[in-house]
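Presented below is the structure to which this report refers.
The values are calculated or read from the model by the stated rules, or taken from the named source; none is laboratory data. The structure presented is a predicted model; accordingly, all values stated were derived computationally and were not measured. No Cβ is skipped: glycine too gets one built from the backbone with ideal geometry, and neighbour counts run over all protein chains shown.
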Amino acid sequence: MGFFDKIMGEFIDVIEWTDDSNDTMVYRFERYGNEIKNGAKLTVRESQVAVFVNEGEIADIFEAGIYELKTQNLPVMTTLNHWDHAFNSPFKAEVYFFNLRRFVDLKWGTKNPLMLRDKEFGPVRIRAFGTYGIRIEDPETFLKEIVGTDGYFTVDEVSDQLRNLIVSRFATIVGQANIPILDLAANYEQMSEFVEEKISPEFSAYGLELTKLLIENISLPPNVEAALDKRTGMGLTGNLDDYLKYQAAEALSNSGSGSGAAGDAMGMGMGFAMAQQMANSLGANSAPQAHTSAPPPPIPKAQTYHFAINGVSKGPMTLEQIKSAIHQGEILQDTLAWREGMSGWERAESVDALSNLFKSTPPPIPS
C-alpha cells in the first residue's frame, strides 16, 4: 500500500462487509496497517459475526448490531493492551467477518465404487451421491481450526474435506446396514438421517453445523444394471411358450402386409414354423405318459465288528469272516467285540448278532 492508502486509512471510520457472493464464509476487513480510529463505527448485519484479532489472539466477538468502538465496548482488547492516552489514538486489530447463513446444495459422491456383499446378488459394487448443507456454528473454533490467517475463505476450500468425511462414514454405515440392494431406495430417508447423526460431531469439531444431508441416488455399475433389466424383462414375459407363440403370430401378421415374393416367402416360413410347433405340441399332449419308477433304495451297508485278539484290535470283520474265525478257534465266546454304535467292548456271546454264530458252530475237536 502507498501513501494515499495510508491517508485513506486514517479517514476510515465505518467497518462493515456486504457479501455479493454465494460461497464466501469468512472475509477479513482490509485497511492500511490494520489501524482503527477511536470512535469508529462497526456494522454487523444479521447472519454475521465480527471477530477482532489482536496480535494473533481472538480479542472480541460482536454479533449483529451497530457499535461505536470505544474503550467500554472493547473490554477484552482494552485489558490486553492497557491503553494509554485515554484511548484517543488509533489502535491496530484484524477484523474478520463470518457469514452465518446456511450454505446449501453442496455436492458429495463416491469417487470409486463401494464393494458390498448382497444376499441375493453376491458381491456387488455401488455408487452413491447426494447433497448436504452447512453453516458456521462456532466462529472462534472455525477460525482456529480451519481459516487461520486466510483473508478470503470460501466454501470450496473446506468442501473436499467435508465430502471425504461423508463418503467414508457412508461406506461404513451401508456396509453394516446389511440392506438388500433392491431395498436401498426404500431406505434413503432413514439412511440419510443416520449418516447425518453420525457425522455431525465431526463437523462440530471444525466449528461447523451439518444442517442437512440427503442421499439422492445409489446405483449399480452399467453392466449389472443391464443384467438386472434383462432379468426383469424375463419376469414380465410370463410363460415363455405363450410369449414365443405371440411373437410368431405378430411376425406372421406383419409379414402379410409385405408385398411381392419376399413377403409371401416370409409368411410361408412363419406358417410352417407355427404348424410344426403346433404338431409338436399336439404330439406331446397325445403321447402316453411314460411311467418312471422311483430308483431303488441304497443297499444296506454290511454290519462289521472289531475283536480284541491277543491284545490287538482286529477288524472290521463281516459276519462271514467272523463265522470262519469261530470255526478256526480264533474267536471264542469270551473274546471282546465292538461295532459302531456300541458304547464299549462286550463279550462276543453277549452280542445278539454273534451269539447265534456260536450256537450253530460245533465246538473245537478236543486234542
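Observations
- Comparison of Ser168, Ser159 shows that the only residue that is touching a Lys or Arg at 6+ places or on another chain (Cβ under 9 Å) and at pLDDT 85 or above is Ser159.
- Taken over segment 58-92, residues that are at positive phi, modelled with pLDDT of 75 or more and either surrounded by 14 or more Cβ atoms within 10 Å (Cβ to Cβ) or of a type in the set (A, V, I, L, M, F, W, C) (or both) amount to 0.
- Among residues of segment 44-57, those that are surrounded by fewer than 17 Cβ atoms within 10 Å (Cβ to Cβ) and either over 19 Å from Ile136 (Cβ atoms) or in contact with a strand residue (DSSP E or B) (Cβ under 6 Å, 6 or more places away or on another chain) (or both), counted: 3
- Among residues of segment 149-172, those that are part of a helix (DSSP H, G or I) and exposed (fewer than 15 other Cβ atoms within 10 Å of the Cβ), counted: 6
- Residues in segment 28-68 that are of a type in the set (D, E, K, R) and part of a loop (DSSP other than H, G, I, E, B) were compared, and the one that is nearest to Val14 (Cα to Cα) is Lys37.
- Residues of segment 199-231 satisfying the condition of being in a helix (DSSP H, G or I) and charged (D, E, K, R): Glu202, Glu225, Asp229, Lys230, Arg231
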